[in-house]
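Worksheet for the structure shown next.
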Amino acid sequence: MGIKVVERHGNTFKEKLYLPAIFAGMKSTLKHFTKNLSDASNIPTICYPEEKPTDITPRYRGVHRLTHREEDDSIACVACFMCATACPANCIEIVATFRDDGVDEKMPAIFNIDLLECVFCGYCVEACPCDAIRMDSGIYSVIGKVREDFIYNKAKLLSIKGISKEEYSLAK
Amino acid sequence: MKIIVNDIPIECTEGDLLMDVLLDNNIKIPHFCYHQDLGADGNCRMCMVEIKGQKRPQIACDTFVTENLEVSTISEQINEVKRSILELELLNHPVDCPICDQAGECKLQDYYMDFGLYDSHLSTPKTKKGKAIDLGCNVILDQERCVLCTRCIRFTSDITKTGELGIIGRGDNARVAVALGHELDNDYAMNVVELCPVGALTSKDFRFKQRVWFLDSTKSVCHGCSRGCNIQIDYNETKYSAEKVHRFRSRRNKQINQSFLCDYGRLSYTELNEEFIGGISHVEDLKELLKVDKKIALVSPSMSLQQLSAVKEFCRNNNIELFSLPYIDESFGDDWLKTNDMSANFAGVKELGINSSEEEFNASLENLHVVINFDHKYLKNKELKNKKVVHFTTSNIETNYELVFAIANFAHDSGTIINCDMIKQDFYTTKYKSVHPRLVELLEELK
């Protein structure tokens with residue numbers, strides 16, 4: 001009943017032995033170990049925070065943002081509570097309301113994420129049916145002086161820009 | 001007599017509907033249009049079963065059982081039939097589950113997970129219909145989500161006999177609508193929301209407040225009037241707020257309310273969310289006050305038998321004259337579920353022999369100094385000069401009383417009440433504990 005059966009991978013004799021794969025991994029580790037040991041000056045490090053990392057990829061899970069709709073730049077979220085339901089840290093607070101601008105029926109009146117409670121697992125992004133919440137902001141450090149600074153509200157989340165080219169929600 | 005369902009013999013009586021037999025035996029039989037209290041209509045074709053000896057699949061909601069009937073509800077062929085019907089139902093459905101309030105308790109969603117899981121065969125655009133149409137009486141209609149099971153229509157035509165709803169248009173354009181210039185207007189209108197198996201009819205009162213999977217349910221009995229309709233209290237406690245009751249749903253009881261509930265009772269849940277705000281009184285102060293000679297008590301006829309007995313015992317031990325006056329509203333009752341007696345347990349008051357004469361109460365009230373009010377509304381607008389009033393209350397009160405004790409309301413208490421037809425019913429307490437003590441506990445403390 002609604003269950004998809006996925007065939008297990010690794011059916012060959014070599015894969016069932018496990019050991020060849022383990023040694024292949026060890027080889028890689030030892031290669032880096034000997035290389036770095038012989039030439040310490042070439043280990044790639046940066047002096048954070050003066051130097052900022054340059055290799056933030058689009059799939060890096062940074063601070064959340066709420067996306068906009070392409071047609072009218074309004075909020076893409078429909079307050080379906082999927083993210084809040086999936087969230088293992090229970091850090092998302094949503095209050096839904098009617099939407100009377102004709103774009104849709106429902107939207108969040110309140111959308112707060114408590115970043116002090118968030119574990120940045122990305123389940124909210126996975127659960128969202130509307131591509132309304134993303135973690136592609138590339139923001140890896142959040143600074144605040146009081147606890148309230150870490151509660152990001154709807155306006156704040158909507159104002160964050162993504163580092164990917166996809167500025168708007170891709171949901172149809 | 002015996003019938004055989006999926007190779008398992010089942011006992012039933014002659015003349016039973018096959019559908020009822022299956023439902024009563026907890027055999028999963030998908031259906032949209034059939035409802036145990038609205039009867040069969042046979043339009044959705046979801047309840048198809050295979051019957052030995054019949055060429056084609058038959059609908060279970062219009063088949064009566066006969067001796068040794070052999071039925072299959074799980075065969076390959078039947079599942080294929082259900083899959084095809086479901087595909088037809090979903091052809092023009094907007095699939096806006098994230099917005100739809102029915103998500104989580106939608107039969108279309110459930111059956112899709114059981115029999116559906118296909119790619120759409122539709123090559124033309126979906127037929128667009130009206131969305132978020134306010135029908136009146138707190139009911140909002142979304143024509144696109146409708147599967148045309150006509151439960152709501154049959155409810156207004158057969159049960160309330162007001163006939164506001166109907167289907168207009170044919171084929172793809174068929175939709176549920178009210179007659180032009182009219183609106184849904186009867187005292188039981190919100191039942192259609194509960195009857196709707198999908199999200200076509202949603203309640204304006206509950207709409208967008210909560211997703212149903214966050215809610216807990218407790219079996220209870222409506223305290224709106226003496227009918228004692230069976231209900232389910234849906235409530236939850238969120239991280240940022242205390243426990244809150246979000247809605248009442250009817251619970252099926254063939255003898256009392258079938259599957260229905262009046263709008264007044266359905267919306268009476270708001271009383272349970274009224275928070276008590278006020279000073280805290282001490283039991284010692286009350287003990288001091290009880291030393292006075294002339295005392296009278298008035299107890300609400302909506303209290304449970306357990307509470308009434310506790311109050312009665314308390315009054316006997318402390319030499320207090322006890323009364324309980326009924327809540328009568330001549331304009332409220334009708335010939336169906338609503339009764340003029342607006343208290344839940346007046347039959348219980350009579351059974352325990354508590355005095356309910358208003359003249360005697362008023363005559364006694366004149367000469368007495370201490371009045372103890374157990375959540376009765378009678379004293380609300382009464383002038384009580386030179387009297388010390390103790391108030392046990394489940395909700396917030398405005399008047400300044402001598403002593404006020406907040407007690408748990410019926411959602412936070414369990415007990416037994418007797419309805420107008422002398423049927424004894426139990427109601428249960430919700431999962432979360434009230435901040436206020438139960439009346440029985442409080443009276444125990446006063447001993």
How do B:266, B:252 stack up against each other in accessible area, from largest to smallest, with a 1.4 angstrom probe?
-> B:252, B:266
Ignoring ligands and nucleic acids, chains A and B bury, in total, an accessible area (1.4 Å probe) to the nearest 100 Å² of about 1700 Å²
Given the protein chains as shown and a 1.4 Å probe, how many square angstrom of residue B:131 are accessible, to the nearest 10?
-> 80 Å²
Cα-centre dipole for region A:9-52 with unit charges at Cβ (Lys and Arg positive, Asp and Glu negative), debye to 20 | 320 debye
To the nearest 0.05, how large is the calculated FRET efficiency for residue B:384 and residue B:335 if R₀ is 35 Å and r is the Cβ-Cβ distance?
-> 0.35
Short version: which residues of region A:67-105 lose at least 30 Å² of accessible area, all chains versus chain alone, 1.4 Å probe?
-> A:80, A:81, A:85, A:90, A:93, A:98, A:105
Distance check, please: which entries in A:106/B:209; B:209/B:433; B:294/B:388 exceed 20 angstrom between their Cα atoms?
-> B:209/B:433
Spatially proximal aspartates and glutamates relative to residue B:161 (Cα-Cα < 14 Å; intrachain offsets below 8 disregarded) | B:185, B:187, B:334, B:335
Would you be so kind as to list the residues of region B:72-100 that have their accessible area lowered by at least 30 Å² in the full protein complex compared with their chain by itself (1.4 Å probe)?
-> B:98, B:99
Determine the calculated [θ] at 222 nm for chain A from helices alone, applying -39500 (n - 2.57) to every DSSP H run no shorter than 4 residues and normalising by the residue count; nearest 500 deg cm²/dmol.
-> -6500 deg cm²/dmol
For region B:301-385, shape from the Cα gyration tensor axes a ≥ b ≥ c, cut at a/c of 1.5 then a/b versus b/c, turns out oblate
Angle between chain B longest axis and helix B:358-367 axis [Cα atoms, degrees, rounded to 10] = 30 degrees
Pull up the cross-link candidates among the lysines for residue B:28, meaning alpha carbon to alpha carbon under 28 Å and not fewer than 8 places away within one chain.
-> A:4, B:2, B:52, B:55, B:82, B:107, B:219, B:254
Charge dipole magnitude, Cβ of K and R +1, D and E -1 - region B:283-445, Cα centre, debye nearest 20 | 400 debye
Enumerate the amide H contacts of residue B:48 below 5 Å, restricted to partners 5 or more residues apart or on another chain; note that Pro and chain-start residues carry no placed amide H.
-> B:60
Probe 1.4 Å - accessible area at residue A:18, Å² to nearest ten = 150 Å²
Beta bridge orientation in the protein assembly as shown: antiparallel %, DSSP, nearest 5 = 70 percent
Just the Kirkwood number for region B:283-445, please: inverse of mean 1/r across all distinct Cα pairs, in Å, one decimal.
-> 16.4 Å
Translational diffusion of region A:1-71, µm² s⁻¹ [Kirkwood Rh, Cα pairs; Stokes-Einstein; 37 °C; 0.692 mPa s] = 180 µm²/s
Dipole in debye (nearest 20) - chain B, about Cα centre, beta carbon charges: Lys, Arg +1; Asp, Glu -1 = 600 debye
Shape of the protein assembly as shown from its Cα gyration tensor (a ≥ b ≥ c, root eigenvalues): rounded if a/c is under 1.5, otherwise prolate when a/b > b/c, or oblate?
-> oblate
For region A:63-171, shape from the Cα gyration tensor axes a ≥ b ≥ c, cut at a/c of 1.5 then a/b versus b/c, turns out prolate
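The values are calculated or read from the model by the stated rules, or taken from the named source; none is laboratory data. Quick caveat: nothing in here was measured; it's all calculated off a predicted structure. Cβ atoms come from the backbone with ideal geometry, glycine included; neighbour counts cover every protein chain shown. What goes into the accessible areas is simple: the full protein's heavy atoms, side chains included, and nothing from ligands, DNA or RNA. Shrake-Rupley method; radii C 1.70, N 1.55, O 1.52, S 1.80 Å.
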